[in-house]
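In what follows, a single structure is set out as structure tokens and then discussed.
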Amino acid sequence: MSEAISTKLNLNLISDRFNVADFGCASGPNTFVAVQNIINAVEDKYHKETGQNPAENITFQVVFNDFTNNDFNTLFQTLPARRKYYSAGVPGSFFRRVLPKHSFHIGVINYAFHFTSQVPKGVTDRDSPLWNKDMHCTGFNEMVKKAYLDQYSADIKNLLDARAEELLPGGLMLVFGSGLRDGVKMSETAKGMVLDFIGASLNDLAQQGVIEQDKVDSFSTPLYIAEEGELRQIIKENGKFTIEAFEDIIHPYGEFPLDPKVLAVSTKASFGAFLSAHFGVDMMRKVFELVEVKVRQEFSRIQNAKPGMQYFIVLRKN
Ligand SMILES: C[S@@+](CC[C@H](N)C(=O)[O-])C[C@H]1O[C@@H](n2cnc3c(N)ncnc32)[C@H](O)[C@@H]1O
């Protein structure tokens, strides 16, 4: 990220006021690390290229965006005490405008670029040809995958249109997230396998009569994990941004720690809220107890899964 800012951000864009925006910020603390890294990189570039002290010349402001029901109270109560920026919250869906025209210089989206605005129509309807009997769009049913991809493309184009209006000309969007390498199905990756264990656990509980099968059948998540080629095409078709970098972040120890507990807990962290909203918190906990058992039972299959992708994309406004 520092390298992208150092090489891709035009020095002329760094003026006495510099605005950073985090879209899908949640309630911290990751967002504080992300925005501080951006500010450090901008200061570094400014100092190296002008020889001047950024602290004396630039005022930073950070705007934090998420849904209106995000826990902004926690976010603002836990802002780092030694921060060197002013802060503001901009609630609302990032698929629409949330900021004035030309109001920020660098935007970041961390692990929020795989959300859709809704579950595609038909996917939760047992009588529809698009009915998704998997827990998520893991890739077995091509029609379900296409419905998700169409929804995702429309949503991301709206997101890019809105950011293109809000971003200053020459400004950058930095996007981190989970994706798939071209041709790899979600169900072939470790994450996809764990998602399928959620579906299998829900079906086990339905068969035991603990939850209603109808409730299980009508459950799907508003997420789409895109392939690299799909992401590139959506951004190209939108036409408002140029892809300056698209990197598959390869960690020396693999995509994430391959440990049954870590896999179950991290999936609960990202998917638990969807299950709680549909089935209640107690049922969500039951489901993840079963998921952990399944992860242990199928661990050798998970260890041989195809790699997923953690991407970093740098977009420059055209
Ligand atoms: C997985 S969390 C990532 C949070 C944080 N960026 C991080 O990296 O730790 C995704 C966040 O995106 C937010 N989000 C999802 N869809 C959104 C939308 N349409 N508008 C604004 N925020 C959204 C969620 O509410 C959630 O806080």
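The values are calculated or read from the model by the stated rules, or taken from the named source; none is laboratory data. Only a predicted model underlies this, so the values are computations on that prediction, with no experimental measurement involved. So basically every Cβ, Gly included, is an ideal-geometry build from the backbone, and we count neighbours across all protein chains shown. Ligands, DNA and RNA are stripped out before the accessible areas are found, and what is left, the full protein with its side chains, is counted by its heavy atoms. Shrake-Rupley method; radii C 1.70, N 1.55, O 1.52, S 1.80 Å.
Within segment 113-133, the set of residues being without any contact (Cβ under 8 Å) to a residue 24 or more places away in the chain and either within 15 Å of the ligand (Cβ to nearest atom) or of a type in the set (Ser, Thr, Tyr) (or both) comprises SER128 only.
Quick check: is even one residue across segment 138-148 within 16 Å of the ligand (Cβ to nearest atom), open to solvent by 20 Å² or more (accessible area, probe 1.4 Å), part of a helix (DSSP H, G or I) and over 30 Å from ASN37 (Cα atoms)? Outline the logic, then answer.
Within segment 138-148, the subset within 16 Å of the ligand (Cβ to nearest atom) is 148.
In the following step, the residues that additionally are open to solvent by 20 Å² or more (accessible area, probe 1.4 Å) were identified as none.
No, that holds for no residue.
A count restricted to segment 100-112 and to residues that are away from the ligand (no atom under 12 Å from the Cβ) and not in a strand (DSSP E or B) stands at 4. Within segment 47-59, identify whether any single residue is at pLDDT 95 or above, open to solvent by 20 Å² or more (accessible area, probe 1.4 Å), touching a Lys or Arg at 6+ places or on another chain (Cβ under 7 Å) and more than 16 Å from the ligand (Cβ to nearest atom), and answer yes or no. Checked segment 47-59: at least one residue is at pLDDT 95 or above, open to solvent by 20 Å² or more (accessible area, probe 1.4 Å), touching a Lys or Arg at 6+ places or on another chain (Cβ under 7 Å) and more than 16 Å from the ligand (Cβ to nearest atom). Residue pairs whose Cβ atoms lie under 9 Å apart, separated by 6 or more positions or on different chains, with the first residue in segment 66-93 and farther than 13 Å from ALA26 by Cβ and near the ligand (Cβ under 9 Å from one of its atoms) and the second open to solvent by 100 Å² or more (accessible area, probe 1.4 Å) and at pLDDT 95 or above, are GLY92/PHE67; GLY92/THR68; SER93/PHE67; SER93/THR68. Taking the conditions exactly as written (outside any strand (DSSP E or B) and touching a residue at least 12 places away in the same chain (Cβ under 8 Å)), does VAL210 satisfy them or not? When the stated conditions are applied, VAL210 passes them. For the residues ASN30, ASN40, the requirement of being away from the ligand (no atom under 16 Å from the Cβ) and in contact (Cβ under 8 Å) with a residue 24 or more places away in the chain singles out ASN40.
Taking every residue in segment 232-247 that is farther than 21 Å from HIS105 by Cα and pairing it with any residue that is at pLDDT 95 or above, at least 6 positions away or on another chain, the pairs with Cβ-Cβ distances below 6 Å are ILE234/SER153; ILE234/ILE156; GLU247/PHE312.
Search segment 296-318 for residues being β-branched (Val, Ile, Thr) and at pLDDT 95 or above, and hand back the single one that is farthest from the chain's Cα centre (by Cα). The residue in question is VAL314. Screening ASN238 against (1) over 30 Å from LEU168 (Cβ atoms); (2) open to solvent by less than 50 Å² (accessible area, probe 1.4 Å) leaves a single unmet condition, (1).
For the residues SER201, SER178, SER153, the requirement of being among the small types (Gly, Ala, Ser), farther than 30 Å from LEU9 by Cβ and surrounded by 15 or more Cβ atoms within 10 Å (Cβ to Cβ) singles out SER201. Could you go through segment 105-113 and let me know if any residue there is more than 24 Å from ARG17 (Cα to Cα) and out of contact with any Cys (no Cβ under 9 Å at 6 or more places or on another chain). Taking every residue of segment 105-113 in turn, at least one turns out to be more than 24 Å from ARG17 (Cα to Cα) and out of contact with any Cys (no Cβ under 9 Å at 6 or more places or on another chain).
Exactly one residue among PRO120, PRO80 is under 25 Å from SER270 (Cβ atoms), surrounded by 13 or more Cβ atoms within 10 Å (Cβ to Cβ) and touching a Ser or Thr at 6+ places or on another chain (Cβ under 9 Å), and that residue is PRO120. Scanning segment 181-192 for residues being part of a helix (DSSP H, G or I) and surrounded by fewer than 21 Cβ atoms within 10 Å (Cβ to Cβ) gives a total of 2.
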